[in-house]
Amino acid sequence: MKQYAVIGLGRFGFSIATTLYSMGHDVLVIDKDEEKIQEISDLVTHAIQADATDETVLKAVGIRNFDVVAVTIGSDIQASILVTLLCKEQGVNYVVAKAQNELHAKVLYKVGADKVILPEHDMGLRVAHNLVSSNILDYIELDPNYSVVEIEVIPKWIDKTLKQLDLRAKYGVNVMAIKHGDNINISPGGNDMINQGDILVVIGKNKDIERIEKESQKF
Ligand code: ATP
């Protein structure tokens, strides 16, 4: 079982910590606010009230033994950077940190964060794509040029095989999975048929995905 630590219990950190715990994982949380610690104490494995910028605190809880540490301190940018740095210095394998803005994200990567999340930016992006084309159910930006999207099939794709659709040649994207109700085909082949209501999980360049988005607006 993996060991997780979540530092900073804003809405984002709270949600990560309690979800991981409800999924059966060991979760340690640290927050300097006693009320937050009391609120979460029955919903995680260990809840510690402390200032995580204090190196001795991180050493005392044995932070280096955790597989993943989420630094979800929000508004105190200085604290978020310092805690991320200390976790990496102490040897935490994977640190995911929450950033307020692009500049904050840049600094977090510089001090060693393995992954930086901008929750408002990421969610805004997903919602915008869904607003433009209701067929786009989810949109995950992998980097500035590539994304993974979930697309509800558009009518002209129905009852065709992947080979017939040839999305790779037409749009330059790859279909990674086909969701059909509760079933997910994670290694779709050319002969797999697209049915009404199916959802395709597609990876590709943003500009190629945009072409599909435009196409699906017509329906
Ligand atoms: P969200 O948007 O997720 O609700 P936020 O971005 O507004 O959160 P904050 O409320 O600023 O985030 O901070 C999240 C939590 O981090 C707070 O509960 C705060 O007490 C805690 N926190 C801030 N600095 C430290 C620190 N040095 N050590 C431990 N906890 C801290």
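What follows draws every value from the coordinates through simple rules; no lab data is involved. Just so it is clear, the structure is predicted and the values come from calculations on it, not from any experiment. Quick reminder, even Gly has a Cβ in these numbers, built from the backbone with ideal geometry, and neighbours come from all protein chains shown.
The Cα atoms of the chain cover 61, 35, 28 Å along the three principal axes, with the biggest extent listed first. Largest GNM mean-square fluctuation among Y94, Y139, Y171, using the chain with Cα springs under 10 Å: Y171.
Straight-distance candidates among the lysines for linking to K207, with alpha-carbon spacing under 17 Å and chain neighbours fewer than 8 residues away dropped: K170. Taken over segment 57-183, the alpha-carbon convex hull comes to 156 cubic angstrom per residue.
Residue order for M1, M123, M193, fewest other beta carbons within 10 angstrom first, comes to M1, M123, M193. Result for the chain in a Gaussian network model with C-alpha springs under 10 Å: among L28, L85, L142, the largest mean-square fluctuation is at L142. The rule of thumb for compact globular proteins, 2.2 N^0.38 Å, goes into the C-alpha radius of gyration of segment 128-219 0.98 times. For the residue pairs K160/K205; K106/K179; K115/K156; K2/K98; K2/K32, alpha carbon separations beyond 28 Å are given by K106/K179; K115/K156.
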